[in-house]
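Undergrad: Structure below; questions to follow.
The values are calculated or read from the model by the stated rules, or taken from the named source; none is laboratory data. Because the structure is predicted, anything quoted here is derived from the model rather than measured. Cβ placement follows ideal geometry from the backbone for every residue including glycine, while neighbour counts extend to all protein chains displayed. Side chains are part of the model used for accessible areas, which takes the heavy atoms of the whole protein and leaves out ligands, DNA and RNA. Shrake-Rupley method; radii C 1.70, N 1.55, O 1.52, S 1.80 Å.
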Amino acid sequence: MNPLGWSVSIVLLIILASSTVNELPNHQLEPDIRAIGQHTDGRLVVRENEDVKSSLMGAPSCYGLETDTKWTGNFEVVWEPDQGAPDTVLEIHDNFDGDGMIQQTTEAVRMEKFKVGDTELFAFTPRYRDCHALPTYFFTVSEGEAVSVPVVFNSEHKAIPVYRFPDDYGVTVQDGELLISEGYGAGQDFIHMYHFSYDATARELQLKKTTPLEYHEFKSYFEDKAREH
């Protein structure tokens, strides 16, 4: 083959290789990212630290299925603005309260978004199911800065994370308030639903009132509210 032919072949190989990389799923391009919260000015990501290890669950339980993946170790939540340097928002050193992160896919999960008043909150829950309660972390972005948002029950109880009922009714928004329902255990007659508003000055969720619901009334409460809207 003449030199011109070799040059053309090399260029074609480079183009093909570049196209292949661009088509790779995000979890292969950025394998250390476990969750993403997309914002108009950047993104929040949950990153593994070097000590994180992953394995299959191996057996089903109330935490997940045998085919689920579990990650254990230390993590950090990082704000990656479109313009500017990344900033660490929160370091997590307790392996998500010892139970790790468990998901049905190895791809990065999407953080939930909740609009409370004029504030957009990002919610990260490291597990998709649990025996009693799921830990959830809240974040927000304001004027290009991301912060971890504590859940304040009173002056002596600020929660990061907060533990909530392990289904879709665990965290909802109604009438401009964020509703967080507590977890459930054997012999528990009532589930307390906590009403929070967001204080932009203090950068925290503040408790406004508590609604106790009998367990058998819990899901029907949300179903009735949904029909009202």
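Undergrad: Pull up the range 170-229, narrow it to residues that are at pLDDT 95 or above and of a type in the set (Phe, Trp, Tyr), then point me to the one that is nearest to ALA146 (Cα to Cα).
TA: TYR198
Undergrad: So which strands (runs of 3 or more DSSP E) stay within the range 168-216 end to end and still have 3 or more residues that are out of contact with any Phe, Trp or Tyr (no Cβ under 7 Å at 6 or more places or on another chain) and free of Cβ contacts under 8 Å to residues at least 24 places away in the same chain?
TA: 190-199
Undergrad: List every residue pair whose Cβ atoms lie under 9 Å apart, where the two residues are 6 or more positions apart in sequence or sit on different chains, the first residue falls within the range 50-62 and is within 13 Å of ASP99 (Cα to Cα), and the second residue, located anywhere, is among the basic types (Lys, Arg) and assigned to a loop (DSSP other than H, G, I, E, B).
TA: Close Cβ pairs satisfying both conditions: CYS62/ARG129.
Undergrad: Output yes when any residue across the range 133-145 is under 14 Å from the mean Cα position of the chain (by Cα) and surrounded by fewer than 17 Cβ atoms within 10 Å (Cβ to Cβ), and no when none is.
TA: Within the range 133-145, not a single residue is under 14 Å from the mean Cα position of the chain (by Cα) and surrounded by fewer than 17 Cβ atoms within 10 Å (Cβ to Cβ).
Undergrad: Output yes when any residue across the range 135-154 is of a type outside the set (S, T, N, Q), in a loop (DSSP other than H, G, I, E, B) and within 23 Å of PHE96 (Cα to Cα), and no when none is.
TA: Checking the range 135-154: at least one residue is of a type outside the set (S, T, N, Q), in a loop (DSSP other than H, G, I, E, B) and within 23 Å of PHE96 (Cα to Cα).
Undergrad: Kindly indicate the residue of the range 13-56 that is charged (D, E, K, R) and open to solvent by 60 Å² or more (accessible area, probe 1.4 Å) and also modelled with the lowest pLDDT among those meeting that condition.
TA: Filtering the range 13-56 for residues that are charged (D, E, K, R) and open to solvent by 60 Å² or more (accessible area, probe 1.4 Å), the one modelled with the lowest pLDDT comes out as GLU23.
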